[in-house]
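The values are calculated or read from the model by the stated rules, or taken from the named source; none is laboratory data. It should be emphasised that the depicted structure is a prediction, and the values quoted were computed from it without experimental measurement. Quick reminder, even Gly has a Cβ in these numbers, built from the backbone with ideal geometry, and neighbours come from all protein chains shown. Calculation scope for accessible area: heavy atoms of the full protein, side chains included, ligands and nucleic acids excluded. Shrake-Rupley method; radii C 1.70, N 1.55, O 1.52, S 1.80 Å.
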Amino acid sequence: MKNLIFGLATILLIALVACNNNKEKKDLKMTDMMEMNHDNKPLDSDSIDNKSFHGNSQTKELSQPFIENYLNLKDALVSDDASSAAIAAKLLLASTSNIDMKAIPSERHERYMEIAKLIAENSNHIAKNVENISHQREYFELLSQNINELIMLFGSSQTLYKDFCPMFNEGKGGVWISQSKEIKNPFYGKEMLTCGEVKEIIR
């Protein structure tokens with residue numbers, strides 16, 4: 001009798017363990033499915049950040065001349081065209097004077113003045129160094145940070161991409177803003193045109 005009870009208990013224990021194992025496998029499969037995207041590829045925890053800056057239509061309009069002139073400057077450096085880069089920098093410098101100050105929300109006015117001062121300073125360096133594209137590129141990286149801050153302040157009416165080149169500035173890296181997902185490096189131009197990666201999508 002004792003042997004029978006012991007045998008039944010053993011069978012029950014084995015069945016319980018098997019059931020739990022099956023449940024764990026099902027849970028694991030469900031977790032795996034949740035970690036897969038619609039292309040059946042594992043989701044990457046280090047995937048590209050998507051940044052949304054919710055400026056209103058008025059503030060987005062304020063940032064547009066800056067963005068357009070900046071992108072023209074970026075394209076000139078991509079093409080190794082120092083002369084066109086200098087012209088675009090002059091137009092970007094003019095944007096800091098042509099903005100309608102009354103249209104800037106009062107709570108953003110002081111921060112804009114700080115950013116505009118840096119944009120003017122770095123644009124001026126680029127405009128004055130038409131014979132030295134390396135110098136232009138050095139200040140373009142600083143200018144890119146300024147434009148990124150301006151977009152954070154006012155927003156953008158178009159989707160933009162924040163790109164990163166790990167080789168620039170003796171391996172310290174450098175960022176730039178682009179209107180295209182395709183990498184075209186303004187720090188090296190034709191020398192290393194596709195060096196870099198998209199770090200953020202700015203919407």
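Before moving on, here are some points about what is shown:
- Residue in the stretch 147-165 that is on the phi > 0 side of the Ramachandran plot and among the acidic types (Asp, Glu) present: no
- Of the criteria (1) over 19 Å from ASP75 (Cα atoms); (2) within 24 Å of the chain's Cα centre (by Cα); (3) in contact (Cβ under 8 Å) with a residue 12 or more places away in the chain, which one SER178 fails: (1)
Residue-wise test of (1) of a type in the set (A, V, I, L, M, F, W, C); (2) modelled with pLDDT under 95; (3) closer than 30 Å to TYR188 by Cα.
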| site | (1), (2), (3) |
| --- | --- |
| ASN21 | no, yes, no |
| LYS25 | no, yes, no |
| ASP39 | no, yes, no |
| SER47 | no, yes, yes |
| ILE67 | yes, no, yes |
| ASN72 | no, no, yes |
| ALA86 | yes, no, yes |
| LEU93 | yes, no, yes |
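- Filter result for ILE177 (in contact with a strand residue (DSSP E or B) (Cβ under 6 Å, 6 or more places away or on another chain), part of a helix (DSSP H, G or I) and either open to solvent by 10 Å² or more (accessible area, probe 1.4 Å) or closer than 22 Å to SER83 by Cα (or both)): no
So that you can scan it fast, the table gives a plain yes or no per residue for (1) open to solvent by less than 40 Å² (accessible area, probe 1.4 Å); (2) over 26 Å from TYR112 (Cα atoms):
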residue: GLY155; (1), (2): yes, no
residue: GLN158; (1), (2): no, no
residue: MET167; (1), (2): no, yes
residue: PHE187; (1), (2): yes, yes
residue: LEU193; (1), (2): no, yes
residue: GLY196; (1), (2): yes, yes
residue: LYS199; (1), (2): no, no
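Residue-wise test of (1) crowded, with 21+ Cβ neighbours inside 10 Å; (2) farther than 14 Å from ALA94 by Cα.
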residue	(1), (2)
LEU118	no, no
ILE126	yes, no
ILE133	no, yes
ASN146	yes, yes
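- Condition check for LYS162: of a type in the set (D, E, K, R), outside any helix (DSSP H, G or I) and open to solvent by 50 Å² or more (accessible area, probe 1.4 Å): no
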